[in-house]
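Engineer: Take this structure first; my questions come after.
The values are calculated or read from the model by the stated rules, or taken from the named source; none is laboratory data. None of these values were measured; they are calculated from a predicted model. For neighbour counting, all protein chains shown are included, and Cβ atoms are generated from backbone atoms with ideal geometry for every residue, glycine included. Protein only, heavy atoms only, side chains kept; ligands, DNA and RNA dropped before computing areas. Shrake-Rupley method; radii C 1.70, N 1.55, O 1.52, S 1.80 Å.
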Amino acid sequence: GHILSGAVLETKALDELFPDWKEKGAPVTTKVTKDSFRFLTKSGSIPIPMVPGHPMNNHGNYIVRLGNFVRWLGKQAEELGVELYPGYAASEILYNEDGSVKGIATNDVGIHKDGSPKETFERGMELHAKMTIFGEGCHGHLTKQLYKTFNMRENCQPMTYGIGVKELWEIDPAKHQPGYVMHTVGWPTDMHTYGGSFMYHLDEGPLVAIGFVLGLDYKNPYLSPFQELQRWKTHPAVIDTFKGGRRIGYGARALNEGGIQCIPDLTFPGGCVIGCSAGFLNVPKVKGTHLAMKSGMLAAESVYEKLSEETTDTSLAAKKPTKYEERLKDSWVWKELYSVRNVRPSFHNPLGLYGGVMYTAFFYILCRGKEPWTLKHKGMDNTHLKRASECTPIEYPKPDGVITFDLLSSVALTGTNHDHDQPPHLTLIDDTVPVKNNLALYDGPEGRFCPAGVYEYVDTEDGLGKKLQINAQNCIHCKTCDIKDITQNINWVSPQGGEGPAYNGM
Amino acid sequence: MSGLRILVGCKRVIDYAVKVRVRPDKLGVVTEGVKHSMNPFDEIAVEEAVRLKEKKLASEIIVASCGPQQNQETLRTALAMGADKAIHVLVEDKDYSNLQPIHVSKLLAKIAAEEKVDIVLLGKQAIDDDCNQTGQMLAAILDWPQGTFASKVVKKDGSLDVTREVDGGLETINIKLPAVITTDLRLNEPRYATLPNIMKAKKKPLTTKKPSDYGVEIKSSHQVLSVEDPPTREAGQKVESVDLLVAKLKEAGFMKS
């Protein structure tokens, strides 16, 4: 499975969708019992009171293993007669003659690395529909194309992102506190780098989900999101949780941080975009699942109405399920996103984290986001990296193999696998850019921000230079490279269906 | 002569790329929510059966699997690859840990007789238990010849030439039909179960049966005492001289002092 998230679920949308979700056995059982928010310094930690109105106040919410929750939703859908085909990737958008979306095609299989067909070659399948709803998660590869084709982003800012790196731990039962939620900011990131951690104690186990989120607008090319998580675990405020425990899961995924300023047009002739593909995530709450579900529900209602419409209008405009966008902007999804719109951008001030915290405290917690202005983000994430020569390399501590780990053993835990003999799905627009630009000027940041060790600069055969080696087999489909690559030279496309990480309840 | 009828056995196992974890109770491994797929050697068996059908040597392919409800996914994949019908012998989760090759071979023997098959194709072993027993036991129960570790199967008149992978190299034997074949890695490269075929497979017949329908009782004759992780590999030591090496070997008791 490719689902990965923290996660704490606000059941607002689930209550609307399945009011009897409890009776139906939804794996939503860990009620949040205690919320804690801490500011970490190098050696200490300052608790920050969880006042009502604090975006991280999780009273009434549930800690879930999102992979299990999604599997349960899938079962409900199948029982209602929906046909689900997991393991088959949509790799191409199909268009009608008038330019509207006709559906999608799944990828061809059985192609050698050099592009020639194997004996087992088979063409993908075309699926045609009057309406296609795209829910690919954060930074979808097909959604990327839709935005360009239909110019859907001309009235919004470019999306900004973070990367979440997560681990699942089986801890000493004596230390297990089911329902305990903790978030931290501060160490190990400096005050100008947006980042923070989470720790959620599930009621099964004794399992604890932990993770670190790093804003992808970071400036230092020597930063490694994976290493930040590893060293965060060694902080005195949290290290005790891991002693005597065992790591059983690892994974990573990019997430949206742009908020309402970055929501594009949501509909196009022949369909619409929902969930994280559209960018619905409440950044200070670190939650997007309830928004995604509601957007899906509104899209379904609107698309159904569109399909039931009796009309002779064959124009492109008539093929857009515009009611979806109208309803969404009228719903609690929009109100919620509007109220938190200035929290993330408030971070871009000379006082960095401190400024952001002060802004949030006053304008969000006290004034509920009613200030009349909307702050802007500072441009696309990939434009912020400073030259390597202007930055200090970071000396990350060596893994101890007990609490902190090396990258490759972590990747092994994701269960990711790809047929080695297929064209690599991490494609480069210009093959010379990595060595000429990324390595020469920025010391190869992709080797550091990829949480799966896909990108490696190795010596050339003649030993005189370096070349970029792409270990496509390691990829865990997090989409960070497609987002953070300096010149946007990396284009992630779908590998053969059924490949990628095999997360279990992550 | 009319085409051969083939029975293929498929087992649903933890996917080979997934890192297996021992359960906290140390009596098995974690399977809940873990990615599963068809045993790779069984995929090869299904592929071989489909190729025989494409060569018009076989007329019908029946696939069978013994296990819990999820085994139906494995059977659908086999149907999508080209099998004609599927039989699911439902063994509930609680009894599944007791299911052994001896039971599977008894069940397959009954199915083979009922379906009047000429060839039973099985994977040489399952990648979870590595037993390598079902094919051989089945042949004994049916009193049929067996061609195990097959890397090539050629149909002759009323018999099969089977090339077997053995320690010394390759051995080719001729066995009369009906026969049991177990597949080895080099027999073929299985085709992909593509989406249109998965959709069509939903229309192919899949019958659910119980072990009692075949008069087989799933009762284990042994009990798992414990399942442990392999010991973690300790770091090696580099020594500066041969004398030091000898001293260390003596210290560890590998050499007489």
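Engineer: Condition first: more than 13 Å from chain A (Cβ to nearest Cβ), of a type in the set (A, V, I, L, M, F, W, C) and farther than 21 Å from B:Asn132 by Cα. Now tell me which residues in segment B:1-50 satisfy that.
Structural biologist: B:Met1, B:Leu4, B:Leu27
Engineer: Right, another one. Output yes when any residue across segment B:187-200 is of a type in the set (A, V, I, L, M, F, W, C), in contact with a strand residue (DSSP E or B) (Cβ under 6 Å, 6 or more places away or on another chain) and either over 30 Å from B:Ala140 (Cβ atoms) or at pLDDT below 90 (or both), and no when none is.
Structural biologist: yes
Engineer: Quick one: is B:Leu122 open to solvent by less than 30 Å² (accessible area, probe 1.4 Å) and in contact with a Gly (Cβ under 6 Å, 6 or more places away or on another chain)?
Structural biologist: yes
Engineer: Among the residues in segment A:109-118, are any open to solvent by 40 Å² or more (accessible area, probe 1.4 Å), under 24 Å from B:Glu43 (Cβ atoms) and in contact with a Gly (Cβ under 7 Å, 6 or more places away or on another chain)?
Structural biologist: yes
Engineer: Of the residues A:Gly258, A:Gly251, which is open to solvent by less than 10 Å² (accessible area, probe 1.4 Å), farther than 30 Å from A:Glu97 by Cα, out of contact with any helix residue (DSSP H, G or I) (no Cβ under 7 Å at 6 or more places or on another chain) and at pLDDT 95 or above?
Structural biologist: Exactly one of A:Gly258, A:Gly251 is open to solvent by less than 10 Å² (accessible area, probe 1.4 Å), farther than 30 Å from A:Glu97 by Cα, out of contact with any helix residue (DSSP H, G or I) (no Cβ under 7 Å at 6 or more places or on another chain) and at pLDDT 95 or above, namely A:Gly251.
Engineer: Working only within segment A:432-491, note down all residues that are in contact (Cβ under 8 Å) with a residue 12 or more places away in the chain, surrounded by fewer than 23 Cβ atoms within 10 Å (Cβ to Cβ), out of contact with any strand residue (DSSP E or B) (no Cβ under 8 Å at 6 or more places or on another chain) and part of a loop (DSSP other than H, G, I, E, B).
Structural biologist: Within segment A:432-491, A:Asp443, A:Gly453, A:Ile486, A:Thr487, A:Gln488 meet the criteria.
Engineer: Hey, any hits in segment B:197-215 for a residue that's hydrophobic (A, V, I, L, M, F, W, C) and touching a Gly at 6+ places or on another chain (Cβ under 6 Å)?
Structural biologist: no
Engineer: A further question on this structure: Of the residues in segment A:15-53, how many are open to solvent by less than 40 Å² (accessible area, probe 1.4 Å), touching a strand residue (DSSP E or B) at 6+ places or on another chain (Cβ under 7 Å) and not hydroxyl-bearing (Ser, Thr, Tyr)?
Structural biologist: Number satisfying all stated conditions: 6.
Engineer: Tell me which strands (runs of 3 or more DSSP E) are completely within segment A:84-193 and hold 1 or more residues being within 14 Å of another protein chain (Cβ to nearest Cβ) and touching a Phe, Trp or Tyr at 6+ places or on another chain (Cβ under 8 Å), or say none if there are none.
Structural biologist: A:101-106, A:109-111, A:117-122, A:161-170
Engineer: Another question, then. Could you list, in sequence order, all residues of segment A:53-83 that are in a loop (DSSP other than H, G, I, E, B) and polar (S, T, N, Q)?
Structural biologist: Result: A:Asn57, A:Asn58, A:Asn61.
Engineer: Among the residues of segment B:188-207 satisfying the criterion of being away from chain A (no Cβ under 14 Å) and not charged (D, E, K, R), which is nearest to B:Phe41 (Cα to Cα)?
Structural biologist: This residue is B:Leu206.
Engineer: Let me ask something else about it. Which ones in segment B:64-89 are open to solvent by 40 Å² or more (accessible area, probe 1.4 Å) and part of a strand (DSSP E or B)?
Structural biologist: Matches in segment B:64-89: B:Lys85 only.
Engineer: Is there any pair with a first residue in segment A:126-147 that is among the aliphatic types (A, V, I, L, M) and a second that is crowded, with 21+ Cβ neighbours inside 10 Å and outside any strand (DSSP E or B) whose Cβ atoms are under 8 Å apart and which are 6 or more apart or on different chains, and what are they?
Structural biologist: What qualifies is A:Met131/A:Gly270; A:Met131/A:Val303; A:Met131/A:Lys306; A:Met131/A:Pro321; A:Ile133/A:Ile274; A:Ile133/A:Ala299; A:Ile133/A:Val303.
Engineer: For B:Leu52, which of the numbered conditions (1) open to solvent by less than 10 Å² (accessible area, probe 1.4 Å); (2) not in a loop (DSSP other than H, G, I, E, B) fails to hold?
Structural biologist: With respect to (1) open to solvent by less than 10 Å² (accessible area, probe 1.4 Å); (2) not in a loop (DSSP other than H, G, I, E, B), B:Leu52 is out only on (1).
Engineer: Looking at B:Lys219, B:Lys210, B:Lys176, can you tell me which residue is at pLDDT below 95, away from chain A (no Cβ under 14 Å) and either within 22 Å of the chain's Cα centre (by Cα) or surrounded by 11 or more Cβ atoms within 10 Å (Cβ to Cβ) (or both)?
Structural biologist: B:Lys219
Engineer: Only residues in segment B:52-75 that are more than 21 Å from B:Ala113 (Cβ to Cβ) count as the first member; pair them with residues that are in a strand (DSSP E or B) and polar (S, T, N, Q), Cβ under 7 angstrom, at least 6 apart or cross-chain, and list the lot.
Structural biologist: Taking only residues 6 or more apart or on different chains, the pairs are B:Asn71/B:Ser65; B:Thr74/B:Ser65.
Engineer: Next question, about the same structure. For A:Leu168, state whether it is surrounded by 22 or more Cβ atoms within 10 Å (Cβ to Cβ), within 16 Å of the chain's Cα centre (by Cα) and more than 30 Å from A:Ile93 (Cα to Cα).
Structural biologist: No; evaluated as a whole, the condition is false for this residue.
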